[in-house]
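Notes to accompany the following structure.
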Amino acid sequence: MASNKAKNTKLADRIADLCFQKYNELPKKGKPNKFEWTYMAGIVKVEGWQRGGGYDVDSLRMEVVSLGTGSKCIGQSKLSCNGDILNDSHAEVMARRGFLRYLYEQMYEHRMLNSHIFEGTTCEGKCILKQNITFHFFITHTPCGDASIFPKAIMYEEGPGNCLKGSESVANENSNVSAETGSSAGTAFGDLICETLSTGPYESCKRRSDSYKNSQEVKRLKMDDQGNKMGDPDKDLSMQHYYDNDIHRTGGKCLRNEERQDSHLPGSAYHTVGAVRTKPGRGDPTLSVSCSDKLARWNAVGVQGALLAQLLDRPIYFQTIVIAGGVPFSETAMFRAVRGRLQKHANCLKDPFIVASPLLLQSTVPFIDARIKDKNPCPSSIVWCHVKERDLEVAVGGKKQGFTKKATQTISGRLSICKKELFKQYFHVMHLFKVRHLLIPLTSNQVLDDDQVDEMTYLTAKNKARDYQDAWRTIRAAAFPAWSSKCSALLLFTPEDKAPTVLNLQTLQRYRRV
């Protein structure tokens, strides 16, 4: 019988192969040309998988149900309060939004007694997922943000990088990761990667950051944002130790109100860990948080979001997160980012919400369009999902490629995964299942008529998911107090197609943040 490690690698490779096969089947439109690269993510439905290894990988029934590509997000000046533009077009988000479309369509099919994933409904009209169905997340890269921060080369058993225990050998089920903090012993969230140096009489880099930052050595040996040396480290062997133990870096910046901030010291002392970060990018700042932070959120309140939480009997959690082969990866850093930051707050959540424990795996299969030096990021994004209509779309700048700004006011001109279109599907499913109790206003016992339903805002509908919102507020206050809030003006659109609202700075300042 194959070991769990071998079985997990085989599972990871099969998930990767399926996603790559689906990607290769898609047309060239929206994909990188020979001078470009992109990120890709996919969600795979698996029948018969059991945690602990009680299954044969070859006998599992697998199917890709959603796929996304992209590495872009829009700046705050381009945000739309009409729900018709995607704020975040990173591959992970595109795949997840395609997955939401898939779930809505499966609810339609369930009503017609033809769903592949649902097997019944509760007395409240909520859909029940089949027990043998699980969903698994595949990514061609380490998610931006906290999961991307780990040593490039482990040279010492202690010293720089010791938060990853040096050897990077993490036991199955993350058994050697601290159950209290999700990181290795001796390193707490908010500490720098370089906690102590074993080869010199140095104090904690965190404690000495101010004086060290002002020293002539740092000024002379400054490194750029990509970790490239800009000085002559040979002049100072003690400084060479920092560079030899450099870390992989993320372009995502810590949120302004985050207590934990990067020191930007050389080498392994550059980043702090555990902080909530923005998406990487230059120019117009984005309000979107990193993919590491979004994965952590999905790992606590489910990938389905607030609207679908009202239509499902339980949240949906990814059972595995698989990273493609040939790219930097640290299981410990991934654990810290996705679960470790939440783990000690798990008891704060009420059933059915939990802090999930996905398997964190790396495939041996590389991605053909992976990021390569001297190539440019592909400007477009792709979303494909297993639905009957408009299963494939290409986006640029958060909009459907080939359509003018005015066309985003029409159904054909909007992406099917934008907030407004998903909001419409939410209402269609509610009426289909006659889940009328969900249409009751928050301050009334009266059921809304159809005209009043059309006037319901996206924000009001999301707030009806009381259990979901309570769970998110709880975990956010405990684990992510710095998480950026959305301006309510961005969420006041309705499912009806009306004249678009123009968003400006004055509008944003006038509305409260939620």
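Can you tell me the FRET efficiency between residue 372 and residue 351 if r is taken as the Cβ-Cβ distance and R0 is 60 Å, rounded to the nearest 0.05?
On the way: r = 46 Å, r/R0 = 0.77.
Approximately 0.85, to the nearest 0.05.
For a quick check of your reading of the filter: which chymotrypsin sites (Phe, Trp or Tyr not before Pro) in segment 1-76 sit in a DSSP loop and have no more than 15 other Cβ atoms within 10 Å?
Answer by residue number: 35, 55.
Got a sec? Charge dipole of segment 326-377, +1 on Cβ for Lys and Arg, -1 for Asp and Glu; which of 345, 335, 368 is way out at the positive end?
Of the listed residues, the answer is 345.
Taking R0 as 30 Å, what FRET efficiency do you get between residue 36 and residue 389 from their Cβ-Cβ distance, rounded to the nearest 0.05? Let's see the in-between values first.
Numbers: r = 29 Å, r/R0 = 0.97.
Calculated transfer efficiency: 0.55.
Using 0.36 nm per residue of separation minus the Cα-Cα distance, give me the extension gain between residue 17 and residue 3 in nm, one decimal.
Roughly 2.9 nm would be gained on extension.
For a test of the definition: using alpha carbon positions, the gyration tensor, and the 1.5 limit on a/c, classify segment 281-429 as rounded, prolate or oblate.
Details: a/c = 1.93, a/b = 1.17, b/c = 1.65.
The shape class here is oblate.
If you put +1 on each Lys and Arg Cβ and -1 on each Asp and Glu Cβ, how big is the dipole of segment 32-103 around its Cα centre, in Debye rounded to 20?
Numbers: 9 positive and 8 negative charges, 45 e Å.
Roughly 220 debye for segment 32-103.
Around residue 482, with a cut-off of 9 angstrom between Cβ atoms, what is the net charge of the other residues, counting Lys and Arg +1 and Asp and Glu -1? Walk me through the numbers before you get to the answer.
Working: positive: 256, 260; negative: 258, 259.
That works out to 0.
How far apart, in nanometres, would the label points at residue 114 and residue 469 be if each is projected 7 angstrom from Cα along the Cα-to-Cβ direction?
Rounded to a tenth, the inter-label distance reads 3.6 nm.
Each reported figure results from applying straightforward, stated rules to the coordinates on display, with no laboratory input. Treat the numbers as computed from the prediction; the structure is a model and nothing was measured. Neighbour counts run over all protein chains shown; Cβ positions are idealised from the backbone, glycine included.
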